[in-house]
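Before I ask anything, let me first share the structure, which is written out below as structure tokens.
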Amino acid sequence: MPFPHQLQAQAICDQLGVLADQLKARTRAGHNDANHWLESVMKRFFNALMGWELVNLNTEQSNYPAADLGDATLRIAVQVTNQNAGSKITETAKKAIQHQLGGKFDRIIIFFLLPEKPSVPKAFEQPANGPGIESWDLADLLKLMAELPDQSRIADAAAVLSRELSREVTGIAPPPSNLPGGYIGQTFVGREEFLKDLRASLLKQTHATAITQSMRRQQQPAATVAEGLGGLGKTHAAVEYAHRHRAEYSALLFVGGDTPQKLQSSLASLCEVKGLSLDKDLPNEEEKRAQIALRWLATHKGWLLIVDNVDDEKAAAALTTHFDQLRHGHVLITSRLHHWSNQVDSLDLSVLSTEDGADLLLQLTDRHRRKTADDDTQARTLAEQMEGLPLALHQAAGYINENACTLAQYLTTYKDKEQTLELLGWFNDHSIPYERPIKKAPRPVLITWKTSFDQLTEDARLWLLVFSHYAPEPIPEFLVEAAPGADEQDKALLRSARQALAQMDKLGLITRYRDDPPRFKIHRLVQEVTRLSGGVAKRAAALDLGIRLMNLGCPGDPQDVQTWKKWNPLMSHAQALCYYASDEPAPERLSWLLSCLSLLLDTKSLYAQAEPLIRRALQLDEANFGPNHPVVATRLNNLSTLLLDMNQMAEAELLMNRALQIDEASFGPDHTQVSIRLNNLAQLFQATNRLEEAEPLMRRALQIDEASFGPDNPSVAIRLNNLARLLQETDRQSEAEPLMRRALKINEDNYGPAHPAVAIGLNNLAGLLLVTNRMAEAESLMRRALQIDEVSFGPGHPDVALDLNNLATLFQDTNRSAQAEPLMRQAVGIFVRRLGMEHPNSQAAFRNYIDLLQALELPEAEIEKRVREAVGGGAGEG
């Protein structure tokens with residue numbers, strides 16, 4: 001069986017054939033640009049494969065004789081051609097003699113992009129004073145690759161072609177990956193030496209390498225570090241490295257590290273990467289998913305983990321706490337921070353050289369700019385003006401392509417815009433502050449951004465400002481698609497957003513990920529500058545529109561796990577909008593968005609994150625509507641049920657009573673809103689053992705809903721279930737059972753057999769069957785409920801812990817204590833981790849587990865050991 005490098009070598013030769021075909025097509029379109037493209041690709045290819053440092057000789061001297069590329073140190077030159085003519089060999093030798101190239105090069109390699117090179121003419125003679133003329137074809141290249149002492153270079157060279165042709169050339173199955181697709185295949189030049197240094201750094205260290213950024217250098221204690229600015233392409237460099245070396249890693253993983261919370265959520269998202277064998281029985285809780293991902297990293301070898309934008313000291317500290325679990329792979333950090341511990345090797349990423357910046361600009365605009373004879377010169381001038389910043393060059397290219405202008409015309413526009421901004425006072429020491437006062441936006445980025453921004457229509461400018469208030473992460477494009485039932489005004493608004501995205505894309509202001517589902521992203525520096533330039537009134541309008549867009553694209557009830565597929569990718573953007581939005585005056589739908597977020601987090605059992613959001617929503621609505629408005633009652637209800645989950649009973653009861661009073665005064669005593677408030681208050685009474693107070697409230701709530709919705713509505717099922725549980729608790733099983741069976745049938749008819757509401761009914765009925773000694777039917781229902789909740793919520797959710805506890809209790813009652821023990825242990829771990837040790841559910845499960853261990857007659861030391869493991873364990877353990 002061939003080795004991976006052999007497969008790669010053959011694939012490289014196949015792809016070079018494709019490159020030759022593309023050269024023919026490009027030549028028909030424009031000979032000079034086709035050659036420039038080919039020279040750029042082959043320069044990077046040979047440098048990666050051979051370790052040379054070739055430069056494009058035609059940028060030093062137009063129409064350089066006999067060769068296209070050269071390495072002056074190694075005295076090697078290369079000419080690339082797809083001409084199948086032996087005369088090319090004699091012509092090259094003649095030009096080498098004529099221009100005395102033997103004084104500069106020892107070898108000129110004519111690389112024929114052909115399976116077989118042409119025969120050497122009989123009249124050919126090697127130049128007497130050098131350089132030596134060599135002919136290579138694809139067969140020669142294949143043989144050369146087999147003899148390379150460093151076979152890893154084949155993967156480097158394969159990555160160059162893969163990126164250029166937007167195709168995989170490894171010849172083997174790719175590793176599991178969640179690399180951001182917007183970077184893969186983008187033109188990447190001028191970082192070859194940096195990528196070599198990065199490779200060497202990752203190979204020598206045992207923890208991590210951080211890519212920092214520098215436009216000027218400062219000496220700091222014990223290390224040379226960078227004083228960095230944005231727009232240098234740290235993330236692109238990291239992804240490029242990963243893509244080039246993908247064949248050498250078992251997995252290519254990418255997480256955000258902006259904050260400790262973002263790091264945790266991104267680590268949790270690794271559980272969804274296909275191929276990591278983490279796609280079964282996963283909890284929905286971020287904390288547990290992050291732990292599972294870290295455990296995978298700690299127990300697997302050979303992976304690469306990119307941690308992007310670790311720009312916060314707290315985030316850096318959070319990352320370093322995981323280093324002990326990250327010893328079996330390579331950790332690559334991108335960061336604006338410059339002070340790292342000895343565990344991290346820090347590398348500066350500098351600006352592009354003038355030559356590389358010009359090369360990048362020429363490649364990015366090759367298909368759409370209006371070409372002139374002095375393009376090389378103009379490109380170098382623009383690269384100098386933009387100080388080698390990739391972000392500025394990409395923005396400039398977007399403008400040039402969209403307007404089909406010459407490089408000289410853009411240079412004039414750039415200088416005019418610079419003078420205008422100077423007069424407006426935009427610059428202070430060549431930059432203006434953004435976000436934090438110590439950070440500065442580079443002058444060239446501001447100019448290219450403003451140049452492109454002014455090209456946008458008025459609507460597109462507003463939409464760019466809108467999306468600049470979203471998180472600096474991919475934004476799902478389903479947000480701008482009209483939902484069924486949208487009115488004409490909403491459709492027009494969303495159509496405007498889609499048109500704006502198309503214009504922003506053409507001007508290089510966004511990056512579109514054309515995968516499934518489609519997404520787009522705005523560079524965080526572009527977001528920051530856009531927000532800064534918006535002005536207070538425009539920012540307020542943009543925030544209002546951004547929240548309205550969330551409302552139009554709302555996936556549905558955030559408490560329904562079936563909506564989470566859409567809610568999860570929106571969550572960070574909703575959080576960003578809430579962060580930027582002011583409370584005075586508050587955007588129209590801000591309290592709605594805060595409430596949705598809090599309900600989503602509450603349902604995920606992330607109570608500490610949910611509480612401040614719902615309190616803020618309540619405060620906004622009280623200020624807006626007054627203290628006795630029905631909207632306020634809804635917020636009071638949501639906060640009180642959250643507090644009930646957190647076992648803060650006293651405050652929860654006060655809020656519930658207040659919500660009930662508001663709705664009774666607003667709607668009358670028989671309204672369905674009143675039914676909801678009665679139900680919640682009754683549940684609190686039941687939880688605090690005030691059963692006589694709870695029952696009349698439950699019966700009244702049931703009566704209201706049956707009269708309002710009819711006998712077969714899911715709301716009626718909720719009331720039936722709650723009343724039945726109360727009846728069972730007061731030893732009235734014969735009254736409770738028909739209510740439970742009726743509720744179960746209602747939910748199955750309305751939701752289908754696998755909905756969490758069905759699981760609640762199954763559990764309730766199973767509990768009643770258990771106390772009435774119908775064990776076989778009870779066990780069947782409990783197992784079905786557990787399966788539904790694990791699929792819906794994941795095995796680390798408190799509802800799953802209740803299911804486990806119930807099933808373990810049945811095992812105990814049927815003399816299967818050994819089978820009950822691991823279930824009870826898992827339940828304890830979930831309750832303690834998610835709810836805290838002081839929560840009644842945690843306390844009850846803890847006591848039950850100790851009783852079970854004692855019933856098993858285990859030694860005291862073993863009991864203590866298992867209890868410690870249970871409390872420190874959690875979902876999925878045991």
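The values are calculated or read from the model by the stated rules, or taken from the named source; none is laboratory data. In this text the structure is predicted, and so the values were computed from the model without any measurement. With ideal geometry, Cβ positions are generated from the backbone for all residues, glycine too; neighbour counts draw on all protein chains shown.
Working carefully through the options Ala617, Ala687, find the one that is in contact (Cβ under 8 Å) with a residue 24 or more places away in the chain, small (Gly, Ala, Ser) and surrounded by 16 or more Cβ atoms within 10 Å (Cβ to Cβ).
The unique qualifying residue is Ala617.
If you take the residues in the stretch 779-835 that are touching a residue at least 40 places away in the same chain (Cβ under 8 Å) and in a loop (DSSP other than H, G, I, E, B), which one is surrounded by the most Cβ atoms within 10 Å (Cβ to Cβ)?
Ranking the qualifying residues of the stretch 779-835, first place goes to Gly796.
Pick from the stretch 765-778 the residues that are surrounded by fewer than 24 Cβ atoms within 10 Å (Cβ to Cβ) and in contact (Cβ under 8 Å) with a residue 24 or more places away in the chain: which of them is farthest from Trp564 (Cα to Cα)?
Thr772
I'm trying to understand the selection: among the residues of the stretch 67-98, which are loosely packed, with under 15 Cβ neighbours inside 10 Å and either among the β-branched types (Val, Ile, Thr) or in a loop (DSSP other than H, G, I, E, B) (or both)?
Residues satisfying the conditions are Ala72, Thr73, Gln83, Asn84, Ala85.
Moving on. Looking at Asp374 and the list (1) buried (at least 19 other Cβ atoms within 10 Å of the Cβ); (2) in contact with a Leu (Cβ under 9 Å, 6 or more places away or on another chain); (3) among the charged types (D, E, K, R); (4) modelled with pLDDT of 85 or more, which single condition is not satisfied?
Just one mismatch for Asp374, condition (1).
Another question, then. Could you please give the count of residues in the stretch 812-853 that are of a type in the set (Asp, Glu) and under 17 Å from Glu864 (Cα atoms)?
Going through the stretch 812-853 one residue at a time, the tally reaches 2.
Hey, Glu477 hits all of (1) within 26 Å of Arg367 (Cβ to Cβ); (2) buried (at least 21 other Cβ atoms within 10 Å of the Cβ); (3) among the charged types (D, E, K, R) but one; which does it fall short on?
(2)
Go through (1) buried (at least 18 other Cβ atoms within 10 Å of the Cβ); (2) without any contact (Cβ under 8 Å) to a residue 24 or more places away in the chain; (3) out of contact with any helix residue (DSSP H, G or I) (no Cβ under 8 Å at 6 or more places or on another chain) and name the single condition Ala608 misses.
(1)
Where residues in the stretch 241-264 are assigned to a helix (DSSP H, G or I), out of contact with any Gly (no Cβ under 7 Å at 6 or more places or on another chain) and modelled with pLDDT of 85 or more, which of them is surrounded by the fewest Cβ atoms within 10 Å (Cβ to Cβ)?
Checking each candidate, the answer is Pro260.
Follow-up question, since we're still on this one. Scan the stretch 290-348 for residues that are among the aromatic types (Phe, Trp, Tyr) and modelled with pLDDT of 85 or more and jot them down.
If the condition is that a residue be among the aromatic types (Phe, Trp, Tyr) and modelled with pLDDT of 85 or more, then Trp296, Trp303 are the ones that fit.
Of the residues Arg816, Arg784, which single one is of a type in the set (Lys, Arg) and under 39 Å from the mean Cα position of the chain (by Cα)?
Arg784
Could you check, for the stretch 483-500, whether at least one of its residues is surrounded by fewer than 17 Cβ atoms within 10 Å (Cβ to Cβ), free of Cβ contacts under 8 Å to residues at least 60 places away in the same chain, aliphatic (A, V, I, L, M) and under 30 Å from Asp621 (Cβ atoms)?
Yes - at least one qualifying residue is present in the stretch 483-500.
Still on this structure, please answer the following. In the stretch 504-535, which residues are in a helix (DSSP H, G or I) and within 22 Å of Glu402 (Cβ to Cβ)?
Scanning the stretch 504-535 gives Met504, Asp505, Lys506, Leu525, Val526, Gln527, Val529, Thr530, Ser533.
Here's something else I'd like to know. With the structure loaded, tell me whether Ala123 is in contact with a Phe, Trp or Tyr (Cβ under 7 Å, 6 or more places away or on another chain), touching a residue at least 24 places away in the same chain (Cβ under 8 Å) and of a type in the set (Gly, Ala, Ser) or whether it fails that test.
Judged against the criteria, Ala123 is not a match.
Also: Any idea which of Asp602, Asp560, Asp544, Asp505 is within 30 Å of Arg833 (Cα to Cα), of a type in the set (Asp, Glu) and out of contact with any helix residue (DSSP H, G or I) (no Cβ under 6 Å at 6 or more places or on another chain)?
Asp560
Still on this structure, please answer the following. Run down Leu360, Leu391 and say which single residue is crowded, with 21+ Cβ neighbours inside 10 Å, under 13 Å from Gly190 (Cβ atoms) and either over 34 Å from the mean Cα position of the chain (by Cα) or touching a residue at least 60 places away in the same chain (Cβ under 8 Å) (or both).
Of the residues listed, the single one that is crowded, with 21+ Cβ neighbours inside 10 Å, under 13 Å from Gly190 (Cβ atoms) and either over 34 Å from the mean Cα position of the chain (by Cα) or touching a residue at least 60 places away in the same chain (Cβ under 8 Å) (or both) is Leu360.
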